[in-house]
Amino acid sequence: MTAQLEFAVKTVRALSPHDQLELLQVLSRELQEAYDFVENNAAFWMPRALESKLRDVPVILHLSTLVLNFWPADETADDLNLFIASQRQADREQAQ
């Protein structure tokens, strides 16, 4: 046991039983929250089986459900291509 831990134990023993119990509850709650975080974080990085991934994919019956109307009317595809080309050129010049 480290000196710091020994000091903490001596300090806690000087507390009243009620305060010791309250401290134990706080520590228990914090450890539980930390454990839940670690467990949830680990679950995020665990690879899912292909079957479970396939269950989450919606079935598209009509292609029209995928159509979106977000493109500005005053911009053409050529405008987008010119913008991308100019950004790439600027990136190349900045890298040199």
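The values are calculated or read from the model by the stated rules, or taken from the named source; none is laboratory data. None of the values given here were measured: they were computed from a predicted structure. Cβ sites come from the backbone with ideal geometry, for glycine too, and all protein chains shown count toward neighbours.
In table form, for the structure just shown:
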quantity	calculated
Residues of segment 27-55 satisfying the condition of being at pLDDT below 75 and either of a type in the set (Gly, Ala, Ser) or more than 30 Å from Ala8 (Cα to Cα) (or both)	Asn40, Asn41, Ala42, Ala43, Phe44, Trp45
Long-range neighbours under 7 Å by Cβ, at least six apart or interchain, first residue of a type in the set (A, V, I, L, M, F, W, C) within segment 46-60, second loosely packed, with under 10 Cβ neighbours inside 10 Å and in a helix (DSSP H, G or I)	Ile60/Leu66
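For (1) of a type in the set (S, T, N, Q); (2) exposed (fewer than 10 other Cβ atoms within 10 Å of the Cβ); (3) in a helix (DSSP H, G or I), each residue gets a yes or a no:
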| site | (1), (2), (3) |
| --- | --- |
| Phe7 | no, no, yes |
| Arg29 | no, no, yes |
| Tyr35 | no, no, yes |
| Ala42 | no, yes, yes |
| Leu54 | no, yes, yes |
| Val59 | no, yes, no |
| Pro72 | no, yes, no |
| Asn81 | yes, no, yes |
| Gln87 | yes, no, yes |
